[in-house]
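Participant: Once you've had a glance at the structure underneath, I'll fire off some questions.
The values are calculated or read from the model by the stated rules, or taken from the named source; none is laboratory data. Here the structure is a predicted model, which means the values were calculated and not measured. With ideal geometry, Cβ positions are generated from the backbone for all residues, glycine too; neighbour counts draw on all protein chains shown. The accessibility values were calculated without ligands, DNA or RNA, using every heavy atom of the protein model including side chains. Shrake-Rupley method; radii C 1.70, N 1.55, O 1.52, S 1.80 Å.
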Amino acid sequence: KALHLLPSVQHGSQYNGNSCKTLISPSSISLLEKKIPLHLMQYVNVFKALYKVTQSCYSMTLDQDYFEHVKTFKEEYLKLNLYVTPKFHTIFRHVEDFMKETESTNGLGLYSEQAFESVHREFLQVFLDFKVHKDHPLFGKKILRAVCFFNSMNG
């Protein structure tokens, strides 16, 4: 409340996008450190580490120390004994591989999940025309037909 953040109604009352950026920003972390109970301070450490990750490799340029920031974030997050979400798994296990594979000196800011999410939305419209219950004997064939049809329209 002190940070004036509201969960996203469209994403199951979670904090997403700009709310997350605000939550892990230095000014928010400073406020949290003053207000949060000591036994929850380890979460603030995770926010600090995540902020360094976002600044070092999720911007347009790649910081030379990005992997150290990823490593620290992973260590701090794993101390919480929380479920490793797919996005955090990607940070922990695949960011370095991607950077090495592409030999990029650019940050991940050049890449975005917005296009991927847009494709999901577009495909959903096509999929609804082919949709059957997952227990239906033709379920797999229907999905394949939907994908083929979608690809033929967008190839």
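Participant: Tell me whether the range 75-155 comes out rounded, prolate or oblate; compute the Cα gyration tensor, take square roots of the eigenvalues as a ≥ b ≥ c, and use a/c under 1.5 as the rounded threshold.
Facilitator: Oblate, since a/c reaches 1.5 and b/c is not below a/b.
Participant: Further question: Which net charge results for the neighbourhood of residue 130, defined as the other residues with beta-carbon distances under 10 angstrom from its beta-carbon, given Lys and Arg at +1 and Asp and Glu at -1? List each step's numbers first, then the result.
Facilitator: Working: positive: 131, 141, 142, 145; negative: 129.
Around residue 130, the charge tally is +3.
Participant: Another one. Skip the ligands, DNA and RNA, and give the accessible area per residue of the chain with a 1.4 Å probe, whole Å². Present the calculation step by step, with values, prior to reporting the outcome.
Facilitator: Details: 11540 Å² over 155 residues.
Solvent-accessible surface per residue comes out at 74 Å².
Participant: Could I ask something else about it? Just order 128-137, 86-95 by mean Cβ neighbour count inside 10 Å, highest at the front, would you?
Facilitator: Details: 128-137: 10.3, 86-95: 13.8.
Averaged packing, sorted descending, gives the order 86-95, 128-137.
Participant: Which Rg and Dmax, in Å, describe the Cα atoms of the chain?
Facilitator: Spelled out, the Cα radius of gyration and Dmax of the chain are 19.9, 58 Å.
Participant: Of the accessible area of the range 15-79, with the probe set at 1.4 angstrom, what percent is carbon plus sulfur?
Facilitator: 56 percent
Participant: Treating cross-link reach as a plain straight distance, find the lysines whose alpha-carbon is under 20 Å from the alpha-carbon of residue 134, omitting any fewer than eight places away in the same chain.
Facilitator: List returned: 142.
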